[in-house]
Amino acid sequence: MTDDAAIAARILREFRRVAVVGVSPDPARPSHEVASYLRAVGFDVVPVNPLLTSWEGLPCHPDLLGAPPPIEVVDVFRRSELVAPIVDQAIAIGARAVWMQDGVVDHAAAARARAAGLLVVMDRCMLREHSRMR
């Protein structure tokens, strides 16, 4: 198992409360599919999207700073160039891990998160990794 795979497995084993940043109301979007899957398999999902007030019956929060604590994992569905402030908020709220979905990579933000003690996964799908573990 690679280091990234081991970190992904650890996050999925140890943490249950996940903020999904960039969650979409459109069932065809990956963020909607992943958030729905996580809820279905027992994760406590906290939707985060400044354009929504609710998602699938849950209150949606404009950013991580407005989400109810504790947030253990921050699952990021935003373009790579938009990740840095999300990671900074994850650090500020005391999150334990940052998970950047497929195609999302920001090495500088990841280094800041690791330096603050957070576990980091980049460019991997949380749904796919969880499905592999089952």
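The values are calculated or read from the model by the stated rules, or taken from the named source; none is laboratory data. The model shown is predicted, which means the values in this text are computed figures rather than measured ones. Here Cβ is always computed from backbone atoms with ideal geometry, including for glycine, and neighbour counts include all displayed protein chains. Only protein heavy atoms, including side chains, enter the accessible area calculation; ligands, DNA and RNA are left aside. Shrake-Rupley method; radii C 1.70, N 1.55, O 1.52, S 1.80 Å.
Of the trypsin sites (Lys or Arg not before Pro) in the stretch 17-125, which ones lie in a loop per DSSP and count no more than 14 other C-beta atoms within 10 Å?
Passing sites in the stretch 17-125 are R79.
Can you give me the distance in nm between label points at D26 and L65, each placed 7 Å from the Cα along the Cα-to-Cβ direction?
Label-label distance for D26 and L65, simple model: 2.9 nm.
Could you work out the mean projected area of the convex hull around the alpha carbons of the chain, in square nanometres to one decimal?
Values: hull surface 29.3 nm².
Its average projected convex-hull area is 7.3 nm².
Given points 7 Å out from each Cα along the Cα-Cβ axis, report the A84 to L51 separation in nanometres with one decimal.
About 2.3 nm, to one decimal.
Could you calculate, for the stretch 63-134, the ratio of the Cα radius of gyration to the Kirkwood radius, expressed as Rg to Rh?
Ratio of gyration radius to Kirkwood radius: 0.96.
Roughly what would the spin-label model give for D102 and D4, points 7 Å off Cα along C-beta, in nm?
The two pseudo-label positions are separated by 1.4 nm.
If you roll a 1.4 angstrom probe over the protein chains with everything in place, what fraction of the accessible area of the chain belongs to carbon and sulfur, to the nearest %?
53 percent
Over all directions, how big on average is the projection of the convex hull of the alpha-carbon atoms in the stretch 31-78, in square nanometres? Could the numbers behind the result be given before it?
On the way: hull surface 13.3 nm².
Computing the convex hull of the Cα atoms and averaging its projections yields 3.3 nm².
Have a look at the DSSP beta bridges in the stretch 1-129 and tell me what percent are antiparallel, nearest 5. Working shown, then result.
On the way: 2 of 19 bridges.
If I count the DSSP bridges inside the stretch 1-129, around 10 percent turn out antiparallel.
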